[in-house]
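To start, the structure itself, in structure tokens.
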């Protein structure tokens, strides 16, 4: 099997690790940066056996705080991540950085032009930096990114920072990997702030107006403050002194005792911070790290972290299953002459798309133990029932 077929490498379980892979895992866990780099390369290339390696590392994960930094191009993400890494090192934390770059339309590789802005930590072995290709993913993330984060986590990094491609609302998939998400906005970005209203506002745990020394920064900060508090409650006052833990009805209700009793069993909610930074000088970086720490504490103490991790792993399982079944279906299509051949048969009215799909999927469903009714039949029934359209008797 070549690297291209790595995603179909379903046979490599932890128990079946080859000796060379088991040695690689052991070296990574012993703190070898060379082994860490080799593992991430295997992950990014989806090389044969990579799934077994990631599976073996899984039990050693869970110790790192994973922070996502996203925002529109030009917001200063790379410079800010560089300063964040340096600040974490100053307090004694080890850091891993995964910078997800746009993919070249010709080679599929990452475009690394912005990496020159991450030079201040060069030579520090406790800052491990890796630039990865977005692999064509709309949100700038791929499954390889999540697996690379696991490798850094298992290695023992205290903090892992993911810097994503600036791709607008499609960045929302970062929540599937990061525990805390920082959304960067440039001063005077009226259009960007409007875009936030359309979706990306929902994912931010901290909002950052970078380049806060520029004209328009105060206005952008105020707009974000208003948006954050409207997200929490359309009727809430705009007093921004509150931070962190908050009940859904807010802390300023008139009948405090009644609200206290009513809110006793309600989960607390996180009110995102809105901060200004000047990444070039490092201004505001310490306050930003404090906000990250506060959010991490909130996740642990509120029980939100357990819930989000379950949701994250559920989505990961679904993604892997869909990918594997898709690979099986693609192989089945190839065995039948390829998609162009099948499409030509449909064009000639020799068959129809539903029959072709059933011929491909039914054997897979049968192997999965679905003996009573084919998956395609179930979907067909569900679709017609939803529309209220009956099916012809067969």
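None of the figures in this text is laboratory data; all of them are computed from the coordinates on show. Keep in mind the model is a prediction, meaning the values are calculated, not measured. When we count neighbours, we look across all protein chains shown, and the Cβ atoms used for this are built from the backbone with ideal geometry, even at glycine.
A few points about this structure:
- With a simple spin-label model that places each label point 7 Å from the Cα along the Cα-to-Cβ direction, the separation between residue 311 and residue 346 comes to 3.5 nm.
- Potential lengthening between residue 286 and residue 322 on full extension [0.36 nm per residue; Cα-Cα distance subtracted]: 8.8 nm
- Taken along the Cα-to-beta-carbon direction at a fixed 7 Å, the label points for residue 336 and residue 300 span 5.3 nm.
- Modelled spin labels at residue 354 and residue 91, positioned 7 Å past Cα toward Cβ, are 6.0 nm from each other.
- Exposure proxy order (Cβ contacts within 10 Å, fewest to most) of 162, 203, 325: 325, 203, 162
- Listing 125, 132 from fewest to most neighbouring C-beta atoms within 10 Å gives 125, 132.
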